[in-house]
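J.: Below are the structure tokens for one structure; questions will follow.
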Amino acid sequence: MSKISVVLGDKLSGKFDVAQGYITIGDLVSRKVVDTYDPEARDEGGYQRMVSKQRVKALAKRLLDDDLYVPTSILVNIRKFSNSSLKTIKGNNAELDLAKYKLYVVDGQHRTGAYEEVLENLDEDERKRWEDKLVSIVFLLGVDQDVEREFFNDVNSNAKSIPAAYIQELMSRMNLVNPGYIDSVPEKDRWKLTGNDIMEIVNSKSGVWKNKIKFPTSKVGVIPNSGFVNTLKPLLNDRWFGDMLSGPEEQAEVLIAFWDGLNLHFEKGEENPFDDTKKFSIQKRIGAAVLHGMLLTIKEYMNEDGLANVDHKGYLDPKTWESYQKRFLSIEDYNGSNETVTGANFWKTGKDGAIGKYSSGAGTKDLIWKFENRLKLSRAS
């Protein structure tokens with residue numbers, strides 16, 4: 001597999017070309033070069049530290065014992081890279097031909113060594129299975145050894161975790177350009193791909209959410225793309241929302257109707273929290289998490305009332321959602337100044353609102369419980 005799908009990134013330090021893609025373990029092991037520092041041959045310029053055999057064997061054992069998937073990318077460089085090996089397909093999506101290249105490992109030599117160790121200790125059938133597994137690679141395209149050394153020093157001296165928003169965006173792009181990508185994603189994380197599809201539809205079609213979701217390369221938005229997707233996990237784990245709806249398009253329709261219902265409610269008041277995202281927190285992580293947490297509860301009441309069946313899909317009607325939402329949105333609470341607030345004022349940022357005290361994970365669950373109880377009591381009265 002010499003030709004692979006990649007996503008082109010912004011130039012590193014404003015001048016170095018970079019791409020992200022997936023290759024098989026077999027391809028990585030056969031092409032890898034580790035430019036190791038030799039104190040007795042300093043003029044040859046190697047920079048990598050000596051591989052710890054103990055560390056390699058320990059990681060290889062974990063890989064085999066747990067059939068482990070390592071999600072972090074290995075950083076490699078293609079020296080003397082020719083632009084003729086890169087074919088742009090559309091936008092940032094491209095095809096990279098690795099046929100004539102070695103891959104110089106800048107960061108990830110122990111992971112690469114562990115993959116090699118695994119392959120050396122398997123029978124033919126199991127070896128083939130491992131050789132075909134995909135691993136995530138970041139490719140530097142044509143930098144020289146000195147620049148490799150700079151990146152090696154930077155990674156090891158100033159290591160920072162990759163922001164979740166970037167990981168979410170890369171997952172989305174790779175799923176788009178590589179049909180087999182989903183097979184390389186652990187099953188427990190595949191909901192994020194569906195969540196991302198839903199999020200992108202909501203971002204483009206919802207009047208309430210349009211341009212409110214912040215992507216890694218965007219300067220506008222209220223909630224990071226990964227933050228919004230994470231609030232969808234309880235919904236996607238639900239049998240109705242996750243499995244019975246027809247897919248991301250209909251799931252997005254439900255969310256759009258749900259949030260349009262909220263907008264309908266607040267439009268009737270003196271202030272609408274959707275009109276000023278700096279003043280209100282309803283579209284920040286806490287707001288999305290709490291309100292998405294209420295969606296399934298309301299849907300159950302719709303079922304009881306005969307409003308969520310085949311003949312009456314109330315879950316696609318903003319007015320139906322609003323008829324339930326208004327019952328718990330009237331809740332009263334104390335803000336940071338110990339004043340009673342309700343309605344839109346509840347969602348104000350800082351000490352003017354009450355929402356801030358529910359920002360922790362436990363606080364989010366507590367507020368969902370209070371909203372559920374308020375809705376339940378309103379139905380009983």
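The values are calculated or read from the model by the stated rules, or taken from the named source; none is laboratory data. It should be emphasised that the depicted structure is a prediction, and the values quoted were computed from it without experimental measurement. Here the Cβ positions follow ideal geometry from the backbone for every residue, glycine too, while neighbour counts run over all protein chains shown.
J.: With region 217-274 as the region, which helices (runs of 4 or more DSSP H) entirely inside it contain at least 3 residues that are surrounded by 18 or more Cβ atoms within 10 Å (Cβ to Cβ)?
T.: 225-230, 248-267
J.: Looking for something out of contact with any His (no Cβ under 8 Å at 6 or more places or on another chain), touching a residue at least 24 places away in the same chain (Cβ under 8 Å) and farther than 20 Å from residue 255 by Cβ - is there at least one such residue anywhere in region 277-297?
T.: Yes, some residue in region 277-297 is out of contact with any His (no Cβ under 8 Å at 6 or more places or on another chain), touching a residue at least 24 places away in the same chain (Cβ under 8 Å) and farther than 20 Å from residue 255 by Cβ.
J.: Further question: For region 73-103, how many residues meet the condition of being under 14 Å from residue 29 (Cβ atoms) and either surrounded by fewer than 16 Cβ atoms within 10 Å (Cβ to Cβ) or of a type outside the set (A, V, I, L, M) (or both)?
T.: Count: 1.
Residue by residue, here is whether (1) crowded, with 18+ Cβ neighbours inside 10 Å; (2) modelled with pLDDT under 85; (3) not in a strand (DSSP E or B) holds:
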{"site": "138", "(1), (2), (3)": "yes, no, no"}
{"site": "143", "(1), (2), (3)": "yes, no, yes"}
{"site": "151", "(1), (2), (3)": "yes, yes, yes"}
{"site": "155", "(1), (2), (3)": "no, yes, yes"}
{"site": "171", "(1), (2), (3)": "yes, yes, yes"}
{"site": "174", "(1), (2), (3)": "yes, yes, yes"}
{"site": "188", "(1), (2), (3)": "no, yes, yes"}
{"site": "196", "(1), (2), (3)": "yes, no, yes"}
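J.: Additional query: Of the residues 332, 322, 304, 300, only one is of a type in the set (Asp, Glu) and within 22 Å of residue 228 (Cα to Cα); which?
T.: None of the others qualify; the one that does is 322.
J.: Okay, next question. Taking into account only those residues within region 27-43 that are modelled with pLDDT of 60 or more and outside any loop (DSSP other than H, G, I, E, B), which is surrounded by the most Cβ atoms within 10 Å (Cβ to Cβ)?
T.: Filtering first and then ranking leaves 28.
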